[in-house]
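J.: I'd like to ask some things about the structure below.
The values are calculated or read from the model by the stated rules, or taken from the named source; none is laboratory data. Worth saying up front: this structure is predicted, and the values here are computed from it rather than measured. Cβ placement follows ideal geometry from the backbone for every residue including glycine, while neighbour counts extend to all protein chains displayed. Please note that ligands, DNA and RNA were not included when accessible areas were found on the heavy atoms of the full protein model with its side chains. Shrake-Rupley method; radii C 1.70, N 1.55, O 1.52, S 1.80 Å.
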Amino acid sequence: MRRFRRALEENLDQPLYIPELCRAIGVSDRTLRLCCQEQLGMSPKRYLVLRRVNLARRTLRDSAPGATTVTEIATQYGFWQFGRFAGHYKSLFGEAPSGTLHRPRE
């Protein structure tokens with residue numbers, strides 16, 4: 001788990017995927033799944049999706065509405081199914097991604 005966390009910290013603004021993560025930390029997919037379930041209470045895939053959605057939220061909050069789009073930010077973090085991205089986003093944050101992008105910054 002230390003190697004897993006270190007790999008995440010070294011790639012803070014990058015979407016990570018299970019196969020490349022397993023190669024980077026030198027464990028099998030099964031070992032990673034077991035460790036994440038035990039330590040995080042969820043699969044590594046779920047954890048990585050949550051991480052990517054949170055990264056996208058941070059970028060949406062920090063961006064000017066006229067300078068970027070939700071689609072550009074979603075693809076930057078590895079989301080290609082925009083309806084699914086919007087569904088994940090709304091279930092986590094209670095608003096559509098466009099609502100975050102267009103909300104005045106604090």
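J.: What do you reckon, is LEU16 touching a helix residue (DSSP H, G or I) at 6+ places or on another chain (Cβ under 9 Å), among the aliphatic types (A, V, I, L, M) and part of a helix (DSSP H, G or I)?
T.: no
Residue-by-condition table, conditions (1) closer than 16 Å to LEU92 by Cβ; (2) within 16 Å of the chain's Cα centre (by Cα); (3) without any contact (Cβ under 8 Å) to a residue 12 or more places away in the chain:
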position	(1), (2), (3)
GLU10	no, yes, yes
LEU21	no, yes, no
SER28	no, no, yes
GLU38	no, no, yes
LYS45	yes, yes, no
ALA64	no, no, yes
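J.: Mind checking which helices (runs of 4 or more DSSP H) fall wholly inside the range 42-106 and carry at least 1 residues that are of a type in the set (A, V, I, L, M) and open to solvent by less than 30 Å² (accessible area, probe 1.4 Å)?
T.: Details: elements: 44-62, 70-76, 82-93, 97-102.
In the range 42-106, the matching helices (runs of 4 or more DSSP H) lie at 44-62, 70-76, 97-102.
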